[in-house]
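Participant: Please read through the structure below; I'll follow up with questions.
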């Protein structure tokens, strides 16, 4: 595993956010922008909130689509962005150039594990099959209390209504319990999401 980071001068002014509880937030979303402008609008709101409140973005390190937008918006708000990328040429070719820290893993599986290890909270925004793969693993680990942080579906335009229905169906048919999903939030309200993360 290789870790690269940009040095930060110790002479920088004191950060007024230093007394806030800082949270490492894993964000899973599409490497494409989707076909609705509101997807980008909502992810910018989230990124600006992460950066402005002194939290750290943990994400897949890509510079395209919603992934690029979330990184850009955190950086614009003077936040920290950690990109975790596997040693896969097609993915590495899209590495974001402004990452605060770059972590390279050997495989996709190791990438997912590293992101989980680094993170205190987990948010899914609209994305494709890769996003669903990542966030469903988090749901499984959360149900086993291996992951203890909040699991949030940023439900822009009802994008994750189908996931909420799936979880309800699991419980209704006796394959799960409400307590398994007690840390799960579906919301498109940034204030509600912030409260869930910061407590």
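Participant: Return a whole-number percent for the relative contact order of segment 21-198, with Cα pairs under 8 Å and 6 or more residues apart as the contact set. Please report the intermediate quantities before stating the final value.
Facilitator: On the way: 338 pairs, mean separation 39.1, N = 178.
Relative contact order here is 22 percent.
Participant: Place the peptides 148-161, 112-125, 30-43, 167-180 in order of packing, highest mean first, counting for every residue the other Cβ atoms within 10 Å and averaging per peptide. Numbers along the way, then the final one.
Facilitator: Details: 148-161: 19.2, 112-125: 20.9, 30-43: 16.9, 167-180: 12.2.
Sorting 148-161, 112-125, 30-43, 167-180 by mean packing, highest first, produces 112-125, 148-161, 30-43, 167-180.
Participant: Compute the long axis of helix 129-143 from its Cα atoms, compare it with the longest principal axis of the Cα atoms of the chain, and write down the angle in degrees, 0 to 90, nearest 10.
Facilitator: With both axes taken from Cα atoms, the answer is about 70 degrees.
Participant: Expressed as a whole number of Å, what is the distance separating the alpha-carbon centroids of segment 99-123 and segment 164-198?
Facilitator: 23
Participant: 7 Å from Cα along Cα→Cβ at both residue 164 and residue 21: what's the point-to-point distance in nm?
Facilitator: Taking the simple label geometry, residue 164 and residue 21 are separated by 2.5 nm.
Participant: Regarding segment 42-95, what whole-number volume in Å³ per residue does the convex hull of its Cα atoms give? List each step's numbers first, then the result.
Facilitator: Details: hull volume 3.0 nm³, N = 54.
In segment 42-95, the Cα convex hull volume per residue is 55 Å³.
Participant: Sticking with this structure for a sec: May I ask for the distance between the Cα centers of segment 67-89 and segment 18-47, given as a whole number of Å?
Facilitator: 10
Participant: Still on this structure: D for the chain, whole µm²/s, Stokes-Einstein with Kirkwood Rh over alpha-carbon pairs at 25 °C and 0.890 mPa s: what number?
Facilitator: Working: Rh = 17.2 Å.
The calculation lands on 143 µm²/s.
Participant: On C-alpha positions alone, give me the angle between the axis of helix 108-118 and the longest principal axis of the chain, in degrees, nearest 10.
Facilitator: For helix 108-118, the angle is close to 80 degrees.
Participant: Hey, another quick one. Could you calculate the contour length gain from residue 88 to residue 106, that is, 0.36 nm times the residue separation minus the distance between their Cα atoms, to one decimal place in nm?
Facilitator: Numbers: separation 18, 0.36 × 18 = 6.48 nm, distance 0.81 nm.
Gain in length upon complete extension: 5.7 nm.
Participant: Another question, if that's okay. By how many nm would the segment from residue 132 to residue 171 grow when fully extended, if each residue of separation counts as 0.36 nm and the alpha-carbon distance is taken off? Please report the intermediate quantities before stating the final value.
Facilitator: Values: separation 39, 0.36 × 39 = 14.04 nm, distance 1.92 nm.
Going from the current span to full extension adds 12.1 nm.
Participant: Cα axis of helix 65-76 to longest principal axis of the chain: angle in degrees, 0 to 90, nearest 10?
Facilitator: Relative to the chain, helix 65-76 is tipped by roughly 50 degrees.
Every number here is computed from the coordinates shown, using simple stated rules; none is lab data. Just so you know, these numbers come straight off a predicted model, no measurement behind them. In this analysis, Cβ positions are derived from the backbone assuming ideal geometry, glycine residues included, and neighbour counts consider all displayed protein chains.
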